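Some notes on the structure that comes next.
Read the figures in this text as sums done on the coordinates, not as results from a lab. Computed from a predicted structure; not experimentally measured. Here Cβ is always computed from backbone atoms with ideal geometry, including for glycine, and neighbour counts include all displayed protein chains.
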Amino acid sequence: DAKTTQPPSMDCAEGRAANLPCNHSTISGNEYVYWYRQIHSQGPQYIIHGLKNNETNEMASLIITEDRKSSTLILPHATLRDTAVYYCIVRSLNDYKLSFGAGTTVTVRA
Amino acid sequence: SAVISQKPSRDICQRGTSLTIQCQVDSQVTMMFWYRQQPGQSLTLIATANQGSEATYESGFVIDKFPISRPNLTFSTLTVSNMSPEDSSIYLCSVDTSGLYNEQFFGPGTRLTVL
């Protein structure tokens, strides 16, 4: 019962922006969009989250459409170390469970 | 943030035996979670472990197979009992720091191979 849909894989060039899409058409009003990534042989790492406004931190930017049915994670200047599986997760703040889908395997190429 | 360590980092075990995985956090946290990641798959939540209460298991996971202890606010163990090759996975613990963003922090995982 995945709440999000992501492309299985994508490549991007080192130094370029990587735009990772996520569809969450059944998102409810109190649910946030969270992004995590998992670098090979490591545990997942929190990246960013948002409700309806665009968000930016030192790692990435999150663009959420006005109807909140989709979002895009932007890695502004991808490096080889950004190669990882990226997970888009929908959850409410009082729901501590993280439901991981298949994610998008991002490969950054030199 | 929270720094999480797990022991062992990896192990190879014989079928029918049990393995206990330890998770240590550098700060006191209320909620700890155990996940399983089967080869080539995404993470699946096994259970939520709160100090002072019984662990809450997700559908498909039972206490007899995956007993969990949570003796204090910085430590938890997960035991994989009566192992079979299908239990070969990475087992990860995570914590929710109940901070501003409700983000979870994950340990490095324990890679288990059952022969």
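Values as computed for the structure displayed
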{"item": "Residue mean of other protein chain beta carbons inside 10 Å, A:98-110", "result": "2"}
{"item": "Å³ per residue enclosed by the Cα convex hull of chain A", "result": "96"}
{"item": "Protection-proxy order for peptides B:87-96, B:41-50, B:24-33, A:64-73, each taking the mean of Cβ atoms within 10 Å per residue, highest first", "result": "B:87-96, B:41-50, B:24-33, A:64-73"}
{"item": "Normalised alpha carbon radius of gyration of chain B [divisor 2.2 N^0.38 Å]", "result": "1.00"}
{"item": "Distance between region A:68-110 and region B:39-104 - C-alpha centres, whole angstrom", "result": "22"}
{"item": "Label-point separation, A:Thr65 to B:Lys65 (7 Å along Cα→Cβ), nm", "result": "3.8"}
{"item": "Per-pair calculated FRET efficiency, R0 = 22 Å: B:Glu86 and A:Gln42 via Cβ, rounded to 0.05", "result": "0.40"}
{"item": "Whole-Å semi-axes of region A:51-110's equivalent ellipsoid (Cα gyration tensor)", "result": "22, 16, 10"}
{"item": "Pairs of lysines in the protein assembly as shown (C-alpha under 20 Å apart; 8 or more residues apart or interchain)", "result": "5"}
{"item": "Number of partner chain Cβ atoms within 10 Å, mean per residue of A:44-56", "result": "2"}
{"item": "Virtual paramagnetic centre 7 Å along Cα→Cβ of B:Thr56, amide N under 14 Å, in region B:1-40", "result": "B:30-34"}
{"item": "Simple label model, 7 Å out from Cα along Cβ direction - B:Phe75 to B:Thr20, nm", "result": "1.0"}
{"item": "Estimated vicinal HN-Hα couplings, Hz - region A:42-52 in sequence order (Karplus 6.51, -1.76, 1.60; Gly, Pro = x)", "result": "10, x, x, 10, 5, 10, 6, 8, x, 9, 9"}
{"item": "Other protein chain Cβ atoms within 10 Å, averaged over every residue that makes up A:28-36", "result": "1"}
{"item": "Bridge type composition, the protein assembly as shown - antiparallel percent by DSSP, nearest 5", "result": "90"}
{"item": "Whole-Å semi-axes of the protein assembly as shown's equivalent ellipsoid (Cα gyration tensor)", "result": "31, 20, 16"}
{"item": "Distance cut-off 14 Å, percentage of C-alpha pairs in region A:12-76 lying past it", "result": "58"}
{"item": "Orphan Cys of chain A, criterion: no other Cys C-beta under 4.7 Å", "result": "A:Cys12"}
{"item": "GNM result for chain B, Cα springs below 10 Å: residue of B:Pro67, B:Pro39, B:Pro85 fluctuating most strongly", "result": "B:Pro39"}
